[in-house]
Each structure stands twice: as C-alpha cells, then as structure tokens.
Amino acid sequence: MFCGIDWAERHHDVAIVDDTGTLLAKARITDDVAGYNKLLDLLAEHGDSSATPIPVAIETSHGLLVAALRTGSRKVFAINPLAAARYRDRHGVSRKKSDPGDALVLANILRTDMHAHRPLPADSELAQAITVLARAQQDAVWNRQQVANQVRSLLREYYPAALHAFQSKDGGLTRPDARVILTMAPTPAKAAKLTLAQLRAGAEAQRPHSRLRHRNRAAAGHLPFRVRPPASGGRGRLRSPASGPAQATDATCLAADDLAKAVEAAFREHADSEILLSFPGLGPLLGARVLAEIGDDRSRFTDARALKSYAGSAPITRASGRKHFVGRRFVKNNRLMNAGFLWAFAALQASPGANAHYRRRREHGDWHAAAQRHLLNRFLGQLHHCLPTRQHFDEQRAFASLLQAAA
C-alpha cells in the first residue's frame, strides 16, 4: 500500500493505492487533530501497523502533519512540487489538475519510483530542535538586515546625520547604542531638544566599555542636529523611523540575539558540536546552521558526493550529443549554501590551508564565488568523513599537499 497526501493550508486530500495502482480509498481531512485521527483510521483500515507502516508521500517536509507522521517508523517522502508536476503529465496530456488527482499522483510516485526518492531523515529530537532554532535565528538575521535597510533608506532622505554617525561602525544601525539614540531622537527636530550629555548617556548605557564610550561620544559630538526647518518639517514627522521601521529593527535585533543564545546552548549539547567546531571558520552559530541542515542521521547521505550535491557545492553536468556543460547547481539547500559561503569566507583567515586552496583556485581562473564554492565542497567532503569516524579536523591532513607546496 502507498499513500499520497496533497497538502494545503486548511485541508489535505488523501489517496491510497495498492501495488497495481488501483485506488483503494480517498478522503479529505482537516488540518487539526480530528483530521489526523481520520487519516490514521483510514490507513489502519488498509493494513497500516507499527510493524508495517504505509509509506506516505507529501509535497512538504515541514508542518504539524509531517511531524505527526514522523513520530513512528513510518517513511515519509517529501516530493518536490516541480517533480510531482512532471509525474502528473504521465497520466494525461490535457493538463487537468485537482487536489484529489495530485494526491493520487503522489501515491503512484511511491508505487513506481520509491527507490529514486529519499525519505525524510530520522534525526534525533535534539537535532530537530536545533533545526527549528537555527532556521528561526537565520530568518531573524535576514529580517533584521531587511528592516535596517528600510531605516537606512529613510534616514538618507531626511536625517543623514544619524546615518553618518553609525554607518562606519560594526553593526551600523543595528547596534544597541544606535537604536537607543534613534529612539531618543527619531527626527532632527527632537534631537535638537536633547543635550549632548543625554545622548552620550543613552549610548554609554548600551556600551559600557571605555573604548566604545569614546567612539559614541565622538559620533554624538559630530552630529549636526540643528538643521533648517524644511528638512525637519512634515516629511520628517510622517516618515519618522521611530514610528515604524526603527521599532521593528529593535524588535528583530532582540529576537535575533535571544535566538542566538538558544541556538548556541542547544548546539553545544549535541555530540557532533565538538567535531563541527574543530573546523576552521565554524563557530557555534554557523556550526548550528550546518548541523540543522545536514542532521545527525548517518544514513541520510550515502557518500560525500550526495552531501555536496545537497548543499549545491558540487557542479552539475549537462551532456547531450556534442553539447557538454559543467556549471553550478541552482536546485539546492539555500540555507546550507548561505551558511557554507560564510564558513568558507571565515576559514580564509583561520586556516592557512584553506587560504592556499582558495588562492590556487583564483590563480586557475575561478571567480571569488566559484573559489569559495570549491573550498566549501572540499570542507563538506572532510566533514562527511569526520562525523561518522568521530575525528576532529586536522589541518595538516586536510591540506597536506598545499601546505607542503607553500613551505
């Protein structure tokens, strides 16, 4: 028996077929506990048990329904919607489409090609928790930068002095002292009413270190707060960042900081954290993001090539007749690739071997991104070897030929 579920926001369509492709049952369930119980009853009527669970195909890998289906030993297959659309064309050329029909297509995918698809990994509960936290923290960081860009755009138009005071410092407008000053003085008119001592006190409250106090004092002292009335008039009041994006910036910064602490605490509890932290360029946050995407199910990737393809660091070949093209992958885990680029960039300063590898790729004609991707590809191969063998990263073994050549 094979089950296909067409996932939607409020309801899901279910189809069960046998090994000949005969439709045995179909139903529509709601996205709640009652709907899930109805699904379990439907599966049990067709032979589902803890010893022989019926495999399920669905077009998503997240959500409460998927989490509930993964509680036992059942195999759950997340089928890419693009792949499911190609399978739909096998059953008819009229391009008709319906939710029950999509559920039937998903069930037949498992019946005919289950060996060609990978089930969702059996990660530990701690690894799944790290995945949720790391992805939430990554989203918070992206959201923080997006909101900060909106604030920067507003400040350029009517309050450039505040922008110039912090844009050259680490963190820019997301710094705690910058957020405090923008809250105290959201417009030039309000800033003109504050004394320099008040601005310094607000900045120093967030940065008690003496060196940072000096930098904030210098920044506050150079702010040309008193500007002509037209620049601080109605437009400044209407588009004041304190009434919108600036407050959102403060909220996203606090959320990102809180999630970062939770991610680091959970990551250090995992048994793979020490191995990941032994790699140059990987800290607790980046290490947690890498672990969140690759998981701790050792059977998930049969070899290093599978991991590299999943991350998108391995090139893809398109060969047909006289045409032969080798290029980068566009279908990949974007979160893992984002963390991988940061990993490779940080490793250039932390590892002489990684730096030598990057320089050699640049000398061979690779652009910066291609050289970084090649370095990440090498790191992932080494990581795939170290995790199951429980070995820490060894610089001399990882880049032996490059280090000897440099010497």
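Which fully enclosed helices (runs of 4 or more DSSP H) of the stretch 302-407 have 3 or more residues being open to solvent by 70 Å² or more (accessible area, probe 1.4 Å)?
Ranges flagged: 334-350, 352-363, 368-389, 400-406.
Given the options Ala191, Ala127, Ala134, Ala116, name the one that is open to solvent by less than 30 Å² (accessible area, probe 1.4 Å), more than 25 Å from the chain's Cα centre (by Cα) and either modelled with pLDDT of 85 or more or not aromatic (Phe, Trp, Tyr) (or both).
Values: Ala127 fails: more than 25 Å from the chain's Cα centre (by Cα); Ala134 fails: more than 25 Å from the chain's Cα centre (by Cα); Ala116 fails: open to solvent by less than 30 Å² (accessible area, probe 1.4 Å).
Checking each option against the conditions leaves just Ala191.
Go over the candidates Arg10, Arg70 one by one and state the one that is touching a Leu at 6+ places or on another chain (Cβ under 7 Å) and open to solvent by 60 Å² or more (accessible area, probe 1.4 Å).
On the way: Arg10 fails: touching a Leu at 6+ places or on another chain (Cβ under 7 Å).
None of the others qualify; the one that does is Arg70.
List, please: which pairs have Cβ atoms under 6 Å, are six or more places apart or on different chains, and start with a residue in the stretch 336-364 that is under 21 Å from Val132 (Cα atoms) and end with one that is basic (Lys, Arg)?
Ala339/Arg289
More than 18 Å from Pro119 (Cα to Cα) and open to solvent by 20 Å² or more (accessible area, probe 1.4 Å), is that true of Ala256?
Working: more than 18 Å from Pro119 (Cα to Cα): yes; open to solvent by 20 Å² or more (accessible area, probe 1.4 Å): no.
So Ala256 does not fit the description; no.
For the stretch 70-81, does any single residue satisfy the condition of being assigned to a helix (DSSP H, G or I), modelled with pLDDT of 85 or more, more than 12 Å from His12 (Cβ to Cβ) and out of contact with any Gly (no Cβ under 9 Å at 6 or more places or on another chain)?
Yes, there is a match, as at least one residue in the stretch 70-81 is assigned to a helix (DSSP H, G or I), modelled with pLDDT of 85 or more, more than 12 Å from His12 (Cβ to Cβ) and out of contact with any Gly (no Cβ under 9 Å at 6 or more places or on another chain).
Could you list all residues from the stretch 82-102 that are open to solvent by less than 50 Å² (accessible area, probe 1.4 Å), over 20 Å from Arg28 (Cβ atoms) and in a helix (DSSP H, G or I)?
Ala83, Ala85, Tyr87
Taking Arg144 as meeting all but one of (1) surrounded by 18 or more Cβ atoms within 10 Å (Cβ to Cβ); (2) of a type in the set (Lys, Arg); (3) more than 21 Å from Gly283 (Cα to Cα), write down the number of the exception.
It fails just one condition, (3).
Only one of Leu182, Leu199, Leu173, Leu154 is more than 30 Å from Ala27 (Cβ to Cβ), open to solvent by less than 50 Å² (accessible area, probe 1.4 Å), modelled with pLDDT under 75 and not hydroxyl-bearing (Ser, Thr, Tyr); which?
Unique residue meeting the criteria: Leu199.
If I ask for residues that are open to solvent by less than 20 Å² (accessible area, probe 1.4 Å) and not in a loop (DSSP other than H, G, I, E, B), which ones from the stretch 269-286 would you list?
Answer for the stretch 269-286, where residues must be open to solvent by less than 20 Å² (accessible area, probe 1.4 Å) and not in a loop (DSSP other than H, G, I, E, B): Ser273, Ile275, Leu276.
Let's see how each residue does on (1) in contact (Cβ under 8 Å) with a residue 24 or more places away in the chain; (2) more than 30 Å from the chain's Cα centre (by Cα); (3) closer than 23 Å to Asp113 by Cα:
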residue: Ala15; (1), (2), (3): yes, yes, yes
residue: Ala25; (1), (2), (3): no, yes, yes
residue: Asp32; (1), (2), (3): no, no, no
residue: Gly47; (1), (2), (3): yes, yes, yes
residue: Pro53; (1), (2), (3): no, yes, yes
residue: Ser61; (1), (2), (3): yes, no, yes
residue: Val66; (1), (2), (3): yes, no, yes
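The values are calculated or read from the model by the stated rules, or taken from the named source; none is laboratory data. These numbers come from a predicted model, not from an experiment. Every residue, glycine as well, gets a Cβ built from its backbone with ideal geometry; the counts of neighbours run over all protein chains shown. These accessible areas exclude ligands, DNA and RNA; they are computed on the full protein's heavy atoms, side chains included. Shrake-Rupley method; radii C 1.70, N 1.55, O 1.52, S 1.80 Å.
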